[in-house]
Amino acid sequence: MIRAVQTTPFTDQKPGTSGLRKKVRVFQQPSYAENFIQSVFDVIERERAGATLVIGGDGRFLNREVIQIAIRMAAAAGFGRVVVGQGGILSTPAASHLIRKRGALGGLILSASHNPGGPDEDFGIKYNVSNGGPAPESVTDAIYARTKAIDTWYAEDTADIDLDTPGAVSVGGMTVEVVDPVADYADLMETLFHFDAIRAAGLTMAFDAMSAVTGPYATEILERRLGFAPGTVRNGTPLPDFGGHHPDPNLVHARDLYETMMAEGAPDFGAASDGDGDRNLIIGRGRFVTPSDSLAMLAANAHLAPGYAGGLKGIARSMPTSAAADRVAAELGIPAYETPTGWKFFGNLLDAGLATICGEESAGTGSDHVREKDGLWAVLLWLNILAVTGKRVDQIARDHWARFGRNYYARHDYEGVDSTAADALMQELRGKLATLRGKRIGTLTIAQADDFAYTDPADGSTSANQGVRIIFEGGSRVVFRLSGTGTSGATLRVYLERYEPAGGDLDADTGVMLADIIAAADDIAGIQRHTGRGEPDVVT
Ligand code: VG1
Ligand code: CO
């Protein structure tokens, strides 16, 4: 029996960079999750009858409860089948793969990614479409519009289903299939990479799953299928609160891994992934690789993996990501694309066959094998490259810089800033863009200043106000934008980049190389004046 429940709209259900993210307490309000899920289902009303829907999440607090709600609502909405990961678990890339493999209409991915979990922390719901990628802005805009008008949500009136036993059950005539969350994904990885070569290379490794969703995937692929020693995967059990940590694979939150990799007797290769398994941190013995550099190095060497032996069609990066990948694209004679922040903008390029590899400075890299960024994919491509070349990470990095030059890069995050102050900073910056060209700050001269706008080459859709770019003569840059994934206050992101050509100073300290750009950033935007902060909270 279907229950119709009267409801009133919440005004704050606008999806951000990657779905709707709020505090758990917000999601726990009566009808909050239901309103959003019903709004998604209402937007796809014409296609949903009899269709397949994939549901899974990163295992964080509230994951199971919201999955049960979504299943009851999917049954009432007339879906034919729900495919759900056992235990409610699906990494974001595995969910993307499952949507594609099953020909599903879409999927609900329950995650707040790298944000912390637990009763006082964060939760999120994201809708992905039939190509396996995050819903494009046209769809998220429609969902948001629906959340503002919704008055009823519908659910099949049944008890919770058993999420822990694989198999199929019926809920109000809809089939719910509980599947192994890892197997299909691990099989896909075997088709892309030289597992035999990796196995034979005798590499040693440390992988930090950060008590998040990647644990079971990494244990199966690295330890069982590739034969890395037991214990290679650390923090491999997904916990609802990620052990009290931020499952954010950067040098702040994955400090233990960093220290392991910089110590005497470090393994050959170190890596970590985030809450939902779509990000990657790469650290070789004694060598941290920035995500922007990792994208460029992976693209330059991808032909060494069977999945990419035929070459790349193009490389795409988000605007704040360093231009290192553009130099690789130029050398390979393939196009380079610059998109707004967030994986949803890569989907069209991948679908249209314009790009093969995509990446973001925020530790996201991926390819056309799915329509999400993919943490373990990046790890496996690195392992494949190390195994085939016999080189280690430090050597790969040095060789790359000697050939292409080096884009010194850092991101400074100012977290929990007062929203009004952050908005004022951006508004003031936007207001003076027209006057900045030609201005000298210390040794730097501003060559171009604009607010990044994007026109999708596949469907012509446009997205404006995607971040302020200040480009200096010689190619150095600073970019300012506000985060679209936070759940309290505002986070100001300042992206800093300096290009050093081949033959220049390629092994210097990043902070030293960026010092004048950091000073110029404060001069231009008045960071301290607006936020009261003299230092960033997180440097990545
Ligand atoms: C951040 C990153 C962005 C990434 C997004 C989702 O967004 O900067 O590159 O795509 O998180 O990543 P923002 O708007 O806070 O800067 V994840 O791993 O949440 O799915
Ligand atoms: Co993520």
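The values are calculated or read from the model by the stated rules, or taken from the named source; none is laboratory data. Nothing here was measured: the structure is a model prediction, and the numbers come from that model. Don't worry about glycine lacking a Cβ; one is built from the backbone with ideal geometry, like all the others, and counts go over all protein chains shown.
Could you tell me which residue of segment 87-109 is surrounded by the most Cβ atoms within 10 Å (Cβ to Cβ), considering only residues that are within 12 Å of ligand 1 (Cβ to nearest atom) and either modelled with pLDDT under 95 or not in a helix (DSSP H, G or I) (or both)? Before the answer, list the steps.
Filtering segment 87-109 down to residues within 12 Å of ligand 1 (Cβ to nearest atom) leaves 91-93, 95-96, 109.
From what is left, the residues that are either modelled with pLDDT under 95 or not in a helix (DSSP H, G or I) (or both) are 91, 109.
Details: S91: 36, I109: 29.
The residue in question is S91.
Any idea which residue in segment 279-294 is surrounded by the most Cβ atoms within 10 Å (Cβ to Cβ), counting only those that are away from ligand 2 (no atom under 16 Å from the Cβ) and part of a helix (DSSP H, G or I)? First the steps, then the outcome.
Step one: filter segment 279-294 for residues away from ligand 2 (no atom under 16 Å from the Cβ), giving 283-290, 292-293.
The next check asks that each one be part of a helix (DSSP H, G or I); those that pass are 292-293.
On the way: S292: 28, D293: 24.
Once the filter is applied, the top-ranked residue is S292.
Go through segment 265-278 and give me each residue that's away from ligand 2 (no atom under 16 Å from the Cβ) and among the aliphatic types (A, V, I, L, M). Full working, then the answer.
Here is the first cut: in segment 265-278, the ones away from ligand 2 (no atom under 16 Å from the Cβ) are 265-270.
Answer for segment 265-278, where residues must be away from ligand 2 (no atom under 16 Å from the Cβ) and among the aliphatic types (A, V, I, L, M): just A266.
Quick check on segment 65-73. Is at least one of its residues assigned to a helix (DSSP H, G or I), among the aliphatic types (A, V, I, L, M) and within 16 Å of ligand 1 (Cβ to nearest atom)? It would help to see each step written out before you state the result.
Going through segment 65-73, the residues assigned to a helix (DSSP H, G or I) turn out to be 65-73.
Narrowing further to those that are among the aliphatic types (A, V, I, L, M): 66-67, 69-71, 73.
So of that shortlist, the ones also within 16 Å of ligand 1 (Cβ to nearest atom) come out as none.
So far as segment 65-73 goes, no, none of its residues is assigned to a helix (DSSP H, G or I), among the aliphatic types (A, V, I, L, M) and within 16 Å of ligand 1 (Cβ to nearest atom).
Considering only residues of segment 89-124 that are within 15 Å of ligand 2 (Cβ to nearest atom) and hydrophobic (A, V, I, L, M, F, W, C), which is nearest to L239 (Cα to Cα)?
I89
I need the full set of residues from segment 484-501 which are part of a loop (DSSP other than H, G, I, E, B) and within 15 Å of ligand 1 (Cβ to nearest atom), in order please. Reasoning before the result, please.
Taking segment 484-501 first, the residues part of a loop (DSSP other than H, G, I, E, B) are 484-489, 501.
Listed by number, the residues that qualify are G484, T485, G486, T487, S488, G489.
Can you name the condition, by its number, that A525 falls short on among (1) under 22 Å from E360 (Cα atoms); (2) buried (at least 20 other Cβ atoms within 10 Å of the Cβ)?
A525 satisfies all of (1) under 22 Å from E360 (Cα atoms); (2) buried (at least 20 other Cβ atoms within 10 Å of the Cβ) except (1).
In this structure, does A271 turn out to be within 16 Å of ligand 1 (Cβ to nearest atom) and either in the same structural domain as L203 (by TED's automatic domain parsing) or crowded, with 18+ Cβ neighbours inside 10 Å (or both)?
Taking the combined requirement at face value, the residue satisfies it.
Could you list all residues from segment 430-444 that are in a helix (DSSP H, G or I) and surrounded by fewer than 13 Cβ atoms within 10 Å (Cβ to Cβ)?
G431, A434, T435 - these are the residues of segment 430-444 that are in a helix (DSSP H, G or I) and surrounded by fewer than 13 Cβ atoms within 10 Å (Cβ to Cβ).
Looking at this structure, is Q427 under 21 Å from the mean Cα position of the chain (by Cα) and on the phi < 0 side of the Ramachandran plot? Lay out the reasoning, then the answer.
Values: under 21 Å from the mean Cα position of the chain (by Cα): no; on the phi < 0 side of the Ramachandran plot: yes.
Against the criterion (under 21 Å from the mean Cα position of the chain (by Cα) and on the phi < 0 side of the Ramachandran plot), Q427 does not qualify.
Being assigned to a loop (DSSP other than H, G, I, E, B) and small (G, A, S) is the filter here; which residues of segment 319-335 pass it? Can you show your working first?
Taking segment 319-335 as the starting set, the residues that turn out to be assigned to a loop (DSSP other than H, G, I, E, B) are 319-323, 333-335.
Matches in segment 319-335: S322, A323, G333.
Against the conditions (1) more than 16 Å from ligand 2 (Cβ to nearest atom); (2) touching a residue at least 60 places away in the same chain (Cβ under 8 Å), where does Y32 fall short? Just the number, please.
Just one mismatch for Y32, condition (2).
Determine, yes or no, whether L381 is more than 16 Å from ligand 1 (Cβ to nearest atom), at negative phi and assigned by TED's automatic domain parsing to the domain that holds G202. Quick ask: steps written out before the conclusion?
Working: more than 16 Å from ligand 1 (Cβ to nearest atom): yes; at negative phi: yes; assigned by TED's automatic domain parsing to the domain that holds G202: yes.
Here the answer is yes, as L381 does meet what is asked.
Rundown of residues vs (1) under 24 Å from I282 (Cβ atoms); (2) away from ligand 2 (no atom under 16 Å from the Cβ); (3) among the basic types (K, R), yes/no style:
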{"position": "G353", "(1), (2), (3)": "no, yes, no"}
{"position": "I357", "(1), (2), (3)": "yes, yes, no"}
{"position": "E361", "(1), (2), (3)": "yes, no, no"}
{"position": "E372", "(1), (2), (3)": "yes, no, no"}
{"position": "G390", "(1), (2), (3)": "yes, yes, no"}
{"position": "R406", "(1), (2), (3)": "yes, yes, yes"}
{"position": "A410", "(1), (2), (3)": "yes, yes, no"}
{"position": "V417", "(1), (2), (3)": "no, yes, no"}
{"position": "L425", "(1), (2), (3)": "no, yes, no"}
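Answer yes if at least one residue in segment 235-247 is of a type in the set (D, E), more than 22 Å from T540 (Cα to Cα), in a loop (DSSP other than H, G, I, E, B) and over 25 Å from the mean Cα position of the chain (by Cα), and no otherwise.
No, segment 235-247 has no match at all.
So that you can scan it fast, the table gives a plain yes or no per residue for (1) surrounded by 15 or more Cβ atoms within 10 Å (Cβ to Cβ); (2) in contact (Cβ under 8 Å) with a residue 24 or more places away in the chain; (3) in a strand (DSSP E or B):
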residue: K373; (1), (2), (3): yes, yes, no
residue: W377; (1), (2), (3): yes, yes, no
residue: I385; (1), (2), (3): yes, yes, no
residue: V388; (1), (2), (3): yes, yes, no
residue: Q395; (1), (2), (3): no, no, no
residue: E415; (1), (2), (3): yes, yes, yes
residue: E428; (1), (2), (3): no, yes, no
residue: I446; (1), (2), (3): yes, yes, yes
residue: I470; (1), (2), (3): yes, yes, yes
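Determine whether segment 357-368 contains at least one residue that is in a helix (DSSP H, G or I) and either of a type in the set (V, I, T) or not assigned by TED's automatic domain parsing to the domain that holds A453 (or both).
Taking segment 357-368 and keeping what is in a helix (DSSP H, G or I), we get none.
Within segment 357-368 (the criterion being in a helix (DSSP H, G or I) and either of a type in the set (V, I, T) or not assigned by TED's automatic domain parsing to the domain that holds A453 (or both)), the answer is no, since none of the residues qualifies.
Quickly run through segment 353-370 and pick out the residues that are near ligand 1 (Cβ under 9 Å from one of its atoms) and either closer than 22 Å to D459 by Cβ or not polar (S, T, N, Q) (or both). Working first, answer last.
To start, the set of residues in segment 353-370 that are near ligand 1 (Cβ under 9 Å from one of its atoms) comprises 360-364.
Within segment 353-370, E360, E361, A363, G364 meet the criteria.
Yes or no, residue by residue, for (1) in contact with a Phe, Trp or Tyr (Cβ under 9 Å, 6 or more places away or on another chain); (2) among the aliphatic types (A, V, I, L, M); (3) farther than 28 Å from V24 by Cβ:
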| site | (1), (2), (3) |
| --- | --- |
| F195 | no, no, yes |
| A218 | yes, yes, no |
| R225 | yes, no, yes |
| G236 | yes, no, no |
| H245 | no, no, no |
| L257 | yes, yes, no |
| M261 | yes, yes, yes |
